[in-house]
Amino acid sequence: MDSVKNLPVAVIGAGPIGLATAAHLLERGLEPVIFEAGPTAGAAIEQWRHIRLFSPWRFNLDDAAVRLLEPTGWESPRPTALPYGGELIDNYLTPLAATAQIASRLQTGARVIAVTRAGLDKTHVRDRDTTPFVVRVEHDGSEIRDHVVGAVIDASGTWSTRNPLGTSGLPAIGETTAADRISSPLPDAIGRDRAAFAGRRVLVVGAGHSAANTLINLAELAKEEPGTTILWAVRGESAEKVYGGGDADGLPARGQLGSRLRRLVDAGTIELHTGFGIAALKTLDTHVTVEAVDGRTVEADVIAPCTGFRPDLDVLRELRLNLDPAVEAPTELGPLIDPEFHSCGTVPAHGAKVLAHPEKDFYIVGMKSYGRAPTFLLATGYEQVRSVAAALAGDQAAADTVHLELPETGVCSADAGTSCDVPAAATTQEPEAQGGCCAAPKPAFVGFPTGLAHGRSADN
């Protein structure tokens, strides 16, 4: 950003990756302006605050962010503990957003609706690389303003755009009409959203860990609310990939999840429908009828979608992007993260060079950089933004020197519903009872501590 160093860098999103981006930019002497669509930092995580992450705290804290927090008297969480989404907000993101350096640069209720070059649509080439960006923002749901910036880093994630229930990547016929009977992803069936599920006929759609966690939580709800009926629809011919290896699984926590889920299905607590690709939804006065491609039907009062997410690229329509045709990640990153071949722990180190687009000084980072691939880890994003900040500051050597180190626990399994950091089902054991005060605890039902270590210093 040689010609526009006097302009701020727009950071879209104030989740863990967005705030880490701002922290690294500040360390590099650059001026961030952070646009967060929600009312507070970490607004998307607020929707799944009841879910426990796979990764322990030591992989969920960014080092530049920690350096901002330490002078405030902030106490770092125990590094081996597995945080819930709510703890990630309350014990990390909220204090970070409250630091003087971040608070003065954070705009909440600020939804980015378009990004372009000042005076240029994407067809114009002349002076493009030296022309500032314009970020169009809707403030507080009403006023729309244009902000001129020198660079743009999109860390907005994918939570707002779930994959549809239908097959072939399209919404099922009638899915939009049935919106009132479709819950949010990862609903809190035992807590916040209890009333929407208690005593009702619930259809869970999906075959990832998010589906498994939702099913387990619904089974707990059914014990207390006997009228609750649980149905589970998967497109595959069996649920074996969700069950994993059971008690013989090489990953014990995943095996615990699979064994528990299999027992619930075998006991009839969960009614499993395999080979159930959804073709249509018909909304009636009291329920919705869900029709499979092969003509089978089930009836439900509410549907819990656990179908994964995809990036919202509409706001970037006027930018020149180079995206992998399969997963919609940056072209060089796509083959490295394809979920058909990679899990979280097999993705190699990557930074600004891999994340670059033909649009100079524009980057997509964090979960959104992975497009439709679900194998993202927070620590991966922290290393991404460290590299990107270095590149924007002109320190190409630091930008190109990327480092990711696998922990001893190995790699995680991909989850078709979320990133690899989340979710792990709630556990009834205290961390010390699970693995001792010094060991990384294992959640009782699903997930195991994993993540990627990243460089600590700004010149690493």
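On a 30 Å Cα-Cα criterion, which of the cross-link pairs Lys241/Lys360; Lys5/Lys368; Lys122/Lys353 come out too long? Listed pairs above 30 Å: Lys241/Lys360. Pairs of Cα atoms nearer than 8 Å and 6+ residues apart set the relative contact order; for the stretch 127-204 it is 14 percent. About the centre of its Cα atoms, the stretch 179-305 shows a dipole size close to 160 debye [charges on the beta carbon of Lys, Arg (+1) and Asp, Glu (-1) only; nearest 20 debye].
By DSSP, the beta bridges lying fully in the stretch 179-305 are antiparallel in about 40 percent of cases.
Summing Lys and Arg as +1 and Asp and Glu as -1 over all other residues whose Cβ lies under 12 Å from the Cβ of Pro77 gives a net charge of -1. The amide H of Glu271, built 1.01 Å from its N in the peptide plane, has Ile230, Leu231, Trp232 as neighbours under 5 Å, considering only residues 5 or more places off or on other chains.
Centroid-to-centroid, using Cα positions, the stretch 1-69 and the stretch 154-220 are 27 Å apart.
Readers should treat all values here as calculations from the given coordinates under stated rules, not as data from a laboratory. Keep in mind that what you see is a predicted model, and the values were worked out from it rather than measured. Every residue, glycine as well, gets a Cβ built from its backbone with ideal geometry; the counts of neighbours run over all protein chains shown.
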